[in-house]
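Presented below is the structure to which this report refers.
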Amino acid sequence: MKRCYRGKAYRSYRIFTGRCLVSFGQLLHKSYFRAPKIIHLRKLDKIHPNFDVGGWLKTEKFVSLGAIVRKHIINPSKNVKKRIAIFASGSGSNAQKIMEYFKYNDQIEVALVLSNNPDAYVLQRADNFEVPTHIFDKHAFYKTDEVVDVLDRLHIDLVVLAGFLWLIPQNLLRKYPNKIINIHPALLPAYGGKGMYGDRVHQAILDAGDEESGITIHFVNEHFDEGEVIYQARFHIQPDDSLEVIKFKGQQLEHLHYPKIIENLLKKI
Ligand code: GRF
C-alpha cells in the first residue's frame, strides 16, 4: 500500500465502510494522484456502485474530489440528506411548492418525481428544478416491483402524494409503513373516498352549502383517503364564494402547510 493511502481520512473511512475501502483507495489513487481533481459522476458511479452519486447527478455532471472526501470520508452520515419522492398525476402545484421549499435545504431533498401520466405538467416542473422523474404504467405499478425498486435504489425516506389519483398497492405500503402521506382538499372524513378528487370535491362542498372547509394531510393506507389524519387546516366559506374561490382558498392552505408537515415528519424519521 502506498504512503498516500495511509492518511487519517483513509483510516476513518475504513472504520465507516469496511468493504468498499479498497475500491475507494483505488479511486483516491487514480483520481487524486494521477488525474485532474474533478471527477465525472457517471464514471464515479461505475468505479464503485456503492458511491451514492444520485444526489449529485441531479444537478452536476462533475464533482470535485474534495466533495467526495467530505461526503464519504470525513463524515458520511452527516452529509446524507433525507429524500422525498413525490407522486403526482396532474399539474403539480403542490409538488412545485415542495421542491421550492427544499431546494436549498441541506438536510432534505426532493430526489424524484413519479407520475402515471406522461403528459402531466408536474414532470415539466420537476425538470425545471432538475429533479429526476420516473413514469410508470398501470401494469408496472400493480403487477411488478418496478416502482418499489426505483424508490429503493434512490434511498427514499418519505413518499409524498400530491394529486396522485391511483390507489397505492400493497408492495409499496409494506415497504413504507407510515411513510406515505397524501393531501386532500377537504376536511376528511367528509368529501373523501373513491372518485372524490379535484373539482368534484369543491362542487360537493358548494352544493352542500357548508360554511367551512379545509385541507387534510394524512397517512396513506389501502383505501382512498382513509389513513390516520396528521394535520388539518380550515377556512371560512362566504355565502357568495364560487367553486374557484373555494379551490383557491384550499390551495393556499395546501401550499403553505404541506412542505412544513413533510419537514416535521422527516425530522422524526
Ligand atoms: C390538490 O388539491 C390535492 O389536495 C389533491 O390533488 C390536488 C393536486 O393539485 N390531492 P396540484 O396538482 O398539486 O395543483
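The strands (runs of 3 or more DSSP E) located wholly in region 169-269 that include 3 or more residues which are β-branched (V, I, T) occupy 180-184, 212-219.
Answer yes or no as to whether Q170 is loosely packed, with under 14 Cβ neighbours inside 10 Å and within 13 Å of the ligand (Cβ to nearest atom). For Q170, the condition - loosely packed, with under 14 Cβ neighbours inside 10 Å and within 13 Å of the ligand (Cβ to nearest atom) - is not met. Residues in region 147-164 that are in a loop (DSSP other than H, G, I, E, B) and among the aliphatic types (A, V, I, L, M) were compared, and the one that is farthest from the ligand (Cβ to nearest atom) is L154. Here region 90-112 is the region considered, the condition is being more than 18 Å from I183 (Cα to Cα) and polar (S, T, N, Q), and the residue that is nearest to the ligand (Cβ to nearest atom) is N105. Scanning region 193-229 for residues that are surrounded by 18 or more Cβ atoms within 10 Å (Cβ to Cβ), in contact with a helix residue (DSSP H, G or I) (Cβ under 9 Å, 6 or more places away or on another chain) and closer than 30 Å to D149 by Cα yields I217, V220.
Picking from residues in region 113-122 that are closer than 17 Å to V150 by Cβ and surrounded by fewer than 21 Cβ atoms within 10 Å (Cβ to Cβ), the one that is farthest from the ligand (Cβ to nearest atom) is P118.
Scan region 236-269 for residues that are within 14 Å of the ligand (Cβ to nearest atom) and loosely packed, with under 15 Cβ neighbours inside 10 Å and jot them down.
Here is the first cut: in region 236-269, the ones within 14 Å of the ligand (Cβ to nearest atom) are 243-244, 246-259, 261-262.
Correct list: L243, E244, F248, Q252, L256.
Flag not set for D127, criterion: assigned to a loop (DSSP other than H, G, I, E, B) and over 13 Å from the mean Cα position of the chain (by Cα).
No lab work stands behind these numbers, since they all come straight from the coordinates. For clarity, every value in this text was computed on a predicted model and none was experimentally measured. Heads up, the Cβs are rebuilt from the backbone with ideal geometry, glycines too, and the neighbour counts pull from every protein chain shown.
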